[in-house]
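Notes follow once the structure below has been shown.
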Amino acid sequence: MAQPRILALAALATVGLAACGGGSSTGGTATNKPDKVQIACEGPFTGDEASIGAGALRACQLAVKVFNNAGGVGGTQVTLLIWDDNHNAQTAQTLQAQGTSDPTVLGIVGPMNSGVVLGSVTGLQSATPPLPFVSESASNVKVTDSGNSVAHRVNARDDAQGPADAKFMIDQGAHKVYVMDAKSDYSTGLADQTQKYLSDHNITFMRDSVKAGTKDFSTTVTKIKAFNADWVYFADEGPEAAPLVSAMKSGGLTLGNNINFLGTDGEEDPSIITTSQGAYDGAYATNITADPAGVTGSGAANYVTAYKAEYGPDSISQAGPFYGSAYEATQVLLQAIKNSPVKNGKISRADVLSHLGSDTFTTIFGSVKFDAKGDVQGGGIYVYQAKGSSMVVLKQVSG
């Protein structure tokens, strides 16, 4: 088993290395290598959103391993710090304070949740120098619209996903859409964008909110039936989807028969099909980044092979929605660090920020370049459907 694993890592190491070393001539040289380089991977690695975070963490770990195997930063191995914020901004602030006070911590992959970013970004921006982050999944427009130079993301924004989601439902013949959110910054922001597009296109809708962690959706199902909805749209990160569709089925609403369902990031998790005892079969869900297993190109294919070699042949089915974008975000951050100059054995976060803003990065999904806000250019929205025991990629969409 060791030989295929080594070959998979070797193939993956070629993706992104060409982009490294394109910065300062002093960056990453053996004669002036950095004394210490650290990055953090931050997200909800335990708790109710561990299914989203666990695969992203594995992706970060694999990206750092591949990078270090290829020589790291001028021979210095990158140390990965694991910051489990448990989807809590206060926890994130405590963790991030460890990084802002340590100049060898040069960046963060994450945070994953929009609410966590918005609740902690001030500390990252006010650090000396500021501590940059590259999120793989935070989609609220305020993440990059608030003027913080530390903010970057490789995923699409809510104002791209919301219209794309609404247009998809309209194209499928939607007339009455029951729009739901889970009262988080991510959820309400996305539902607002979707609702606006529906309203602008004269589609009847009803808006409802449920508390995160809700298990009993009997009242919600009653309202859906009274509204006579033909679509339910739930902007959620996954945990509430199974009990909702189970309650819908118990109430006589069968997906693909007398109602349709569109979920969002985290709701393309195939475990929802099992947890709901098949009630989720036929559901649609969108994601703000691509699934490497469904993308053509050697970079993504090599990554999937390496991921399976590292974590097991069944690991992709448990990787969650952001195992691709987390690897991509880590590649970007590591390349920006490697392209930064080394001065007296140190790399400055100010130089990493500069390279994040100016460089073009090579990733498993192709080239990445950030605009002035820190948004990736050309991010896509992908539609999945629950079929049997799997979530199958149907197509890429836009609003």
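Just a few scattered comments:
- Nonlocal amide H pairs with Asp85, under 5 Å, H built at 1.01 Å: Gly43, Phe45
- Given the alternatives [x] -0.50, -1.23; [y] -0.41, -1.15; [z] -0.41, -1.27, log10 I(q)/I(0) by the Debye sum over Cα atoms at q = 0.08, 0.14 Å⁻¹ as computed for this entry is given by [y].
- Length added when fully stretched, Ser390-His175, from 0.36 nm per residue minus Cα-Cα: 74.6 nm
- For the pair Asn202 and Asn258 in one chain, pulling the backbone fully straight at 0.36 nm per residue adds 18.0 nm over the alpha carbon distance.
- Shown in residue order for segment 260-268 are the 3J(HN,Hα) couplings computed by the Karplus curve 6.51 cos²θ - 1.76 cosθ + 1.60 at θ = phi - 60°: 10, 9, 10, x, 10, 3, x, 8, 9 Hz (x for Gly and Pro).
- Scanning residues 5 or more positions from Thr254 or on other chains, those with amide H under 5 Å from its amide H are Ile259, with H placed 1.01 Å from N in the peptide plane.
- 3J(HN,Hα) along segment 119-129, derived from phi through the Karplus expression 6.51 cos²θ - 1.76 cosθ + 1.60 where θ = phi - 60°, amounts to x, 9, 5, 4, x, 5, 6, 7, 5, 10, x Hz, with x in place of Gly and Pro.
- Placing unit charges on the Cβ atoms only, positive for Lys and Arg and negative for Asp and Glu, gives the chain a dipole magnitude near 620 debye about its Cα centre.
- Taking all Cα pairs closer than 8 Å and separated by 6 or more residues, the relative contact order of segment 88-203 comes to 22 percent.
- Ordering Ser315, Thr222, Val332 by Cα displacement along the dipole of the chain toward the positive end leaves Val332 in first place; charges were set at the Cβ atoms of Lys, Arg (+1) and Asp, Glu (-1).
- Contact order relative to length of the chain, as percent, for alpha carbon pairs under 8 angstrom and 6 or more apart: 23 percent
- With a simple spin-label model that places each label point 7 Å from the Cα along the Cα-to-Cβ direction, the separation between Lys183 and Lys225 comes to 2.5 nm.
- For Met206, the residues 5 or more places off, or on other chains, whose built amide H falls under 5 Å of its own are Val177, Tyr178, Val179.
- Gyration tensor verdict on segment 315-381 (Cα atoms; rounded if a/c is under 1.5, prolate if a/b is larger than b/c, oblate otherwise): oblate
- Virtual spin-label span in nm between Thr79 and Ser101, 7 Å along Cα→Cβ: 1.5 nm
- Remark: spin-label model distance Gln277-Ser209 equals 3.3 nm, labels positioned 7 Å along the Cα→Cβ axis.
- Trypsin sites (Lys or Arg not before Pro) lying in DSSP loop within segment 183-248, provided at most 15 other Cβ fall within 10 Å: Lys183, Lys211, Lys215
- Loop sites in segment 324-399: trypsin sites (Lys or Arg not before Pro), DSSP, at most 16 other Cβ within 10 Å: Lys369
- Separation of alpha-carbon centers, segment 117-174 and segment 73-106, rounded to whole Å: 20 Å
Values quoted throughout were computed directly from the atomic coordinates according to the rules given, and no laboratory measurement underlies them. Everything numeric in this text was worked out from a predicted model, so none of it was measured. Please note: Cβ atoms are built from the backbone with ideal geometry, for glycine as well, and neighbour counts cover all protein chains shown.
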